[in-house]
Amino acid sequence: MKTVVNDKSTSQVFQFLTKTIKWVAVTVVAVLFAFPLYWVVVTAFNTKKGVFSIPPKFTPAFHTSAFLYVLTHSSWLGYMLNTVFISGSTVILVIITSAMAGYALSDLKFRGAGVVFAAVLAVILLPAQALLIPQYAVALHLHMLNTYWIQIIPFAASTFGVLLFRQFFKTLPRSYWEAARLEGVGHLRYVFRIALPLARPAVVTVALLTFISSWNQFQWPLIMTTSHSVQPIEIALSHYMQTYEANWRKLTSAVLLALAPIVVVFIALQRYIVDGVAGRDSGVNA
C-alpha cells in the first residue's frame with residue numbers, strides 16, 4: 001500500500017515539475033519575442049536624453065512630443081488614408097473572388113475542375129519575387145504604375161481564401177442549394193445571400209489576414225510607385241528611417257502609429273481565426 005502511495009506522489013511531483021518547466025520555457029520565449037516591441041514603446045515615449053542614458057531606462061517616460069511631431073510635420077494622415085483605402089479595397093475584392101472561386105470548386109461540376117484546383121495549389125509554391133520583373137513590365141504597358149490600382153488589383157485574389165471557402169462550402173448541406181433553386185435563386189445569389197453569411201468565420205479569417213498582409217506591404221509599392229500621394233504607410237516608415245536615422249524617438253513613434261491599427265483589429269478579431277481555420281464550424285476538416 002505504501003508503495004502505491006509513493007508511486008502516486010512521485011508521479012504527481014513529476015507532472016508538476018514538467019508543467020513548471022514548460023511554463024517557464026514558454027514565458028522566457030514570450031519575453032524574448034515581446035521585448036523588442038516593448039523597447040520600441042519605451043523609446044517612443046522617452047526623452048531625448050533618456051534614449052541614450054546609461055544605464056538605460058526600462059520604463060516609459062510618457063513624453064508624447066515625438067508623436068505630435070510625426071503627426072504635425074509630415075503627411076502622416078495622407079499615408080494612413082492611402083493604406084486604409086488600399087487595404088479595405090483589397091479585402092473586399094479578395095472576399096468576393098475567393099467566395100466565388102471556392103464555391104465553383106466545391107459545388108459546381110465542370111470539366112477540368114481538378115486541374116484548376118491543382119493550379120490554385122501550385123500558386124502557393126511560386127515565390128512572388130520571381131515574378132516582379134514581368135509584373136512590372138505588364139504594369140508599365142497598362143499605364144498602372146504610380147496608381148492605387150497597381151497596389152490593389154494584383155492582390156484581389158487569394159489562394160488561401162479560395163481554399164478556405166472551398167472547404168467551408170463543402171460542409172454546407174446540399175439541401176440548402178436545392179431549396180434555394182426551388183425559389184428561383186441562381187448561383188450568385190445563393191453564394192452571397194445564403195452561403196456567404198453562413199461562412200462568417202471563414203469571411204472574418206480571410207478578411208483579417210488579407211488586411212494585415214495588405215497593410216504591411218512594402219516591397220511591391222516601393223517598386224511600383226514613386227509618388228507620395230498614392231504610397232502606403234510602410235513606405236512612409238522607410239522615409240523616416242532615412243530622414244531620422246539617428247532620431248530614434250521619431251522613428252519608433254512612427255512605427256507605433258503604423259502598427260496600432262492592425263494590432264487593434266487583430267486583438268478584436270483573433271478568435272475568429274481559430275474558428276475559421278481550425279474550428280469545427282469552419283469546414284476545413286471535411
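Summary of computed values
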read-out: Shape of the range 151-194, Cα gyration tensor, a/c cut at 1.5; value: oblate
read-out: Dipole moment magnitude, nearest 20 debye, the chain about Cα centre, only Lys, Arg, Asp, Glu C-beta charged; value: 620 debye
read-out: Rounded, prolate or oblate (a/c below 1.5 giving rounded, otherwise prolate when a/b exceeds b/c) for the range 6-122 by Cα gyration tensor; value: oblate
read-out: Low-density loop positions, chymotrypsin sites (Phe, Trp or Tyr not before Pro), the range 77-170 - DSSP coil, at most 12 other Cβ in 10 Å; value: 110
read-out: For the chain, built as a Gaussian network whose Cα springs stay under 10 Å, the top-fluctuating residue of 217, 15, 151; value: 15
read-out: Residue (of 131, 221, 110) at the positive-pole extreme of the range 66-277, dipole from beta-carbon charges; value: 110
read-out: Identified option (computed Cα extents along the principal axes in Å; candidates (i) 60, 34, 32; (ii) 84, 74, 36; (iii) 51, 50, 40); value: (ii)
read-out: The range 91-211: relative contact order in percent, alpha carbon pairs under 8 Å with at least 6 residues between; value: 50 percent
read-out: Computed [θ] at 222 nm, deg cm²/dmol, the chain (DSSP H ≥ 4; -39,500 (n - 2.57); rounded to nearest 500); value: -22500 deg cm²/dmol
read-out: Given charges at Cβ of Lys, Arg, Asp, Glu: the range 1-97 dipole, positive-most of 79, 30, 91; value: 30
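Throughout, read-outs are computed from the coordinates displayed, never taken from laboratory work. Owing to the predicted nature of the structure, the values given are computational and were not obtained by experimental measurement. Here Cβ is always computed from backbone atoms with ideal geometry, including for glycine, and neighbour counts include all displayed protein chains.
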